[in-house]
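Input: a single structure, listed below in structure tokens.
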Amino acid sequence: MAANNPYKSYQQNSVLQSTPGELTLMLYNGCLKFLNMAKKGIENNNIEMKNINIQKSQNILRELMITLDMSVPVSESLQVLYEYMIHQLVEANIKNDPTLIDEVSGYITEFKETWKQVIQMNRQQQYTSVGEI
């Protein structure tokens, strides 16, 4: 019987106990990590590393698309942006173009920063509401 990996247990618990907003933030962080690794793959002429990490980033973008609440008007705009980013990553993969990866990283960074602000505002509202009781 293999010993439990405490780091893996911590990661699993943090995902299970996270809010939807925190999970979205984790996806953005993961996407940025894989985009950076894909860019390193291009710089080091490591085609396999580039391809695998671009595909991981595309999978995260697809997951973000699936989780969109299409009853919210902004979701249609986000869906179009996610589709555009996936297309740019296909082009980056074919052309070995790190500037296209940088473009997608820029968008993801903006989304990540926005989500961080939303999470902070929600927490402040929750704490304010609890203080009023």
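The values are calculated or read from the model by the stated rules, or taken from the named source; none is laboratory data. Since the model is a prediction, treat every value here as computed from it, not as a measurement. Reconstructed Cβ throughout: ideal geometry from the backbone, glycine too, with neighbour counts over all protein chains shown.
Quick notes on this one:
- Among residues of region 62-87 that are under 17 Å from residue 24 (Cβ atoms), those with a beta-carbon under 6 Å from a residue that is loosely packed, with under 12 Cβ neighbours inside 10 Å and among the charged types (D, E, K, R) at least six positions away or on a different chain give the pairs 75/69.
- Helices (runs of 4 or more DSSP H) (entirely within region 1-81) containing at least 2 residues that are surrounded by 15 or more Cβ atoms within 10 Å (Cβ to Cβ) and modelled with pLDDT of 95 or more: 20-43, 47-66
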